[in-house]
């Protein structure tokens, strides 16, 4: 694999978006780009459509999972596929529902990353509907933060602000902000970095992987960055909203948080039990709503 950067895209149902996105990224200039697409056992024959589209494309490699393994394991399949070819360059973890206005975004990100000492992962600033997305980058939460967030009444009374208040500035070429965590929608790093943090934690299925990645990067004394001179537009993923209702999404969020505190913090058993208790309270409320009003 003789590429400057490989984009790893986990596809579930949205093969049309994936095809359109690959076409879009091929317009990026200044770098040689490869693609590894993992189809997460889509029930709508996505893999077959992708195979027809890219069968003669030397820049696109397809991987078919035998089941829907989720975000973390899906991305790991892509990274391991690159390893098979002894690839040791840059890797981008990317959704298929984002868009770059600047045709040199990837080139600039790689150049910025190369100029930094102890660099972890780097990402542009995320926009949603042309407005800054607050979850473009965020601080590692505390147990107290997550207990408040899991509790309906406390969340109403206490404001939690874990987000970096970013201001994109295309004119400022050195505008790099140190952050704890970057959004999983798009970020880049080296293959060596992914190996050092032991890839994604496959105990998670969807949600909260970013905080685990952020913690792992800190553990090896590296630093994540947001580049506010570069932006990307992010459409809200239809594959998640159509396949997982709000009740089950929240359950996955809570599962990811328990994994984080159990394996990546010094939180004791009592703290984790306390978190679970507050989470169960919210899950019960959502379950009742789910049963009465149905999925939503």
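Counting every other Cβ atom within 10 Å of each residue's Cβ, 25, 288 order from fewest to most as 288, 25. Estimated from the Cβ-Cβ distance and a Förster radius of 51 angstrom, the FRET efficiency linking residue 83 and residue 292 is about 0.60.
What the Cα convex hull of the chain gives, in volume per residue, is 136 Å³.
How much FRET efficiency would the formula 1/(1 + (r/R0)^6) give for residue 107 and residue 245, where r is the Cβ-Cβ distance and R0 is 41 Å, rounded to 0.05?
Working: r = 40 Å, r/R0 = 0.98.
Using R0 = 41 Å, I get an efficiency of 0.55.
Label region 88-233 by shape, choosing from rounded, prolate and oblate, from the square roots a ≥ b ≥ c of the eigenvalues of the Cα gyration tensor; if a/c is under 1.5 it is rounded, and otherwise prolate applies when a/b is larger than b/c, oblate when it is not. Oblate, because a/c is 1.5 or more while a/b does not exceed b/c.
As a proxy for reagent exposure, ranking 209, 101, 20 by other Cβ atoms within 10 Å from fewest up yields 101, 20, 209. Taking the C-alpha atoms only, the angle from helix 209-219 to the longest principal axis of the chain is near 80 degrees. Could you tell me the center-to-center distance, by alpha carbons, between region 11-62 and region 188-207 in angstrom? If we compute the Cα centre of each part, the gap is 21 Å.
Of the peptides 3-16, 195-208, the ranking by mean beta-carbon count within 10 Å, highest at the top, reads 3-16, 195-208.
No value in this document is a laboratory result; all are computed from the given coordinates. None of the values given here were measured: they were computed from a predicted structure. Virtual Cβ from ideal backbone geometry, glycine too; neighbours counted across all protein chains shown.
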